[in-house]
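The values are calculated or read from the model by the stated rules, or taken from the named source; none is laboratory data. This structure is a prediction, so every number in the text was calculated from the model and none was measured. Cβ placement follows ideal geometry from the backbone for every residue including glycine, while neighbour counts extend to all protein chains displayed.
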Amino acid sequence: MDLSTRYLGLQLRNPLVASASPLSHTVDGVRRLAAAGVGAVVLFSLFEEQLREEAARNAQLVDGPAESFAEALGYFPAVAEEDPGPRRYLSLLERAAASVDVPVIASLNCVTPGGWTGYAHAMQEAGAAAIEVNTYWLPGDARLSGRDVEQRHVDCLRRVKEAVDVPIAVKLGPYFSSTGEMALRLDEAGADALVLFNRFLQPDIDAEALAIVPSVTLSSAAEARLPRTWIALLHGRVHAALAATTGVEDPTDIAKYLLAGADVVMTASALLRHGPEYAGVLLDGLSAWMKAKGFQAVDELRGMLSVTPDTDEVAYERAGYVSALRAANAGYGSW
Ligand SMILES: Cc1cc2nc3c(=O)[nH]c(=O)nc-3n(C[C@H](O)[C@H](O)[C@H](O)COP(=O)(O)O)c2cc1C
C-alpha cells in the first residue's frame, strides 16, 4: 500500500501527522510519535505569553533591550536554560529534529503583529522542516472590524514568510464572515499550507463554585464535519496544501478527510486518549480500508469527494442544507 504523501514540499511516508499537543513536550515524546509511524510531527506552540514572561525575567538581568531574537539569544543568561521559554523550545526542536527520521514542524503562536520574525528565523536555524503559524486568537475587542481581524492574519503570515525560507503553514480558526475568502487571501499571500481548523478552548462556568473554569476538552469525531466541509470546498481552489485537524478518532475519519481533499490529516486528541502508539492502529486501519475499497495509493482517493471547481459552491451548500433538513424533518416527522 502506498501511503506516501507530499506536504509543504516535504516527502512524507504517510499522511498522518501528529498535531501540536503536549505529546511533543519532550524529545522522547517526539521519538514515540515517530516510532508509532506518523508521517511528521508538529511541535506544541511557542506562545507569546511565555516570551513575555521570560523577557520580563531577563530584563532584570541584562543590559539594554532585546531587539531581535538573534540578539536576545546572545543576551540570555545561563539560568534561562532551565526556563520553559524560547531557548528550551529551540533546544527541544534541534534535538527532536536530529533524533527522528520524519520532518519536525515548529509551531509559533503569532498573537500580536511585529517582533516575530526573529523567532521564526531561530526556529528555522534550529532545524524546523517547516513552521506552522498558529493564529489562535479570539478578537475580544468588540469594536474590531472583521477586515482588521483578517488583515492581521495576512500580516502575520507575511512577516514570518519574509523571515524564513522554510515552508509556512497557517493554522486558522473557522470563525470568519467568509472563511473561504480568508483562505484565498492567505493562499495569495504565500501560505504553503492551510491547517483547518484551530479548535478554540472555550472556558466553562462552574455554577456551584461561581467561577470560570479554564478547561481543555478532547474532540469528538462529529467535530470533523466543519473542517471537512471546508476542505472539500477549498480542494482545487487554492495552491496551498490542505491539512485537516479535528475529530480523527478512527481510521475512517482519516479516510473521510482524504476523500474530501486533505493532503495530510492531523491528530492530537486520539493520541492523547489512547497513547502515541495509537498512530500505528490508525495507519493499519487506513491501509485495511484502502485495500477493502481497492485503492493502492492515497493519491488515488484524495479529493474524490471534494466539491469540484466547476460546482456552484453556493448552490452546493444550499442543496446540502435543504436536503439535510428534509431528511431530518422526515425522520422526526412523527414526533
Ligand atoms: C491538550 C492540547 C494541547 C494543544 N496544544 C496546541 C498547541 O500548542 N498549538 C496548536 O496549534 N494546537 C494545539 N492543540 C490543538 C491540536 O493540535 C489540534 O489542532 C486540535 O486538538 C484538534 O485536533 P484533534 O481533534 O485531533 O484533537 C492542542 C490540543 C490539545 C487537546
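Taken together, the residues in segment 150-172 that are within 16 Å of Tyr119 (Cα to Cα), of a type in the set (D, E, K, R) and not in a helix (DSSP H, G or I) amount to 1.
For Tyr278, are the conditions met, namely being buried (at least 21 other Cβ atoms within 10 Å of the Cβ) and of a type in the set (Phe, Trp, Tyr)? In short, no.
Residues in segment 119-149 that are more than 15 Å from the ligand (Cβ to nearest atom) and not in a helix (DSSP H, G or I): Ala126, Gly127, Ala129, Pro139, Gly140, Asp141, Ala142, Arg143, Leu144, Ser145.
Is one or more of the residues making up segment 300-317 of a type in the set (D, E, K, R), closer than 14 Å to Leu16 by Cα and in a helix (DSSP H, G or I)? No; the residues of segment 300-317 include none that is of a type in the set (D, E, K, R), closer than 14 Å to Leu16 by Cα and in a helix (DSSP H, G or I). Taken over segment 171-191, the criterion of being touching a strand residue (DSSP E or B) at 6+ places or on another chain (Cβ under 9 Å) and touching a residue at least 60 places away in the same chain (Cβ under 8 Å) is satisfied by Lys171 alone. The requirement of being within 16 Å of the ligand (Cβ to nearest atom) and in contact with a strand residue (DSSP E or B) (Cβ under 6 Å, 6 or more places away or on another chain) is not satisfied by Val166. Screening the candidates Glu317, Glu277 for the property of being acidic (Asp, Glu) and at pLDDT 95 or above yields one hit, Glu277. Condition first: polar (S, T, N, Q) and surrounded by 21 or more Cβ atoms within 10 Å (Cβ to Cβ). Can you find one or more residues in segment 256-270 that meet it? Yes, segment 256-270 contains a residue that is polar (S, T, N, Q) and surrounded by 21 or more Cβ atoms within 10 Å (Cβ to Cβ). Is at least one residue of segment 184-200 within 14 Å of the ligand (Cβ to nearest atom), aromatic (Phe, Trp, Tyr) and more than 25 Å from Asp312 (Cα to Cα)? Yes, because at least one residue in segment 184-200 is within 14 Å of the ligand (Cβ to nearest atom), aromatic (Phe, Trp, Tyr) and more than 25 Å from Asp312 (Cα to Cα).
Checking the structure you have, find out if any residue of segment 113-129 is under 19 Å from the mean Cα position of the chain (by Cα), within 20 Å of His239 (Cβ to Cβ) and not hydroxyl-bearing (Ser, Thr, Tyr). Looking for residues that are under 19 Å from the mean Cα position of the chain (by Cα), within 20 Å of His239 (Cβ to Cβ) and not hydroxyl-bearing (Ser, Thr, Tyr), one finds at least one in segment 113-129, hence yes. Sub-6 Å Cβ pairs linking a first residue in segment 192-218 that is free of Cβ contacts under 8 Å to residues at least 60 places away in the same chain to a second residue that is away from the ligand (no atom under 13 Å from the Cβ) and in a loop (DSSP other than H, G, I, E, B), at least 6 apart or interchain, are Leu194/Ala240; Ile212/Pro203; Pro214/Pro203, ordered by first then second residue.
Scanning segment 104-115 for residues that are in contact with a strand residue (DSSP E or B) (Cβ under 9 Å, 6 or more places away or on another chain) and either modelled with pLDDT of 75 or more or among the hydroxyl-bearing types (Ser, Thr, Tyr) (or both) returns Val104, Ile105, Ala106, Ser107, Leu108, Asn109.
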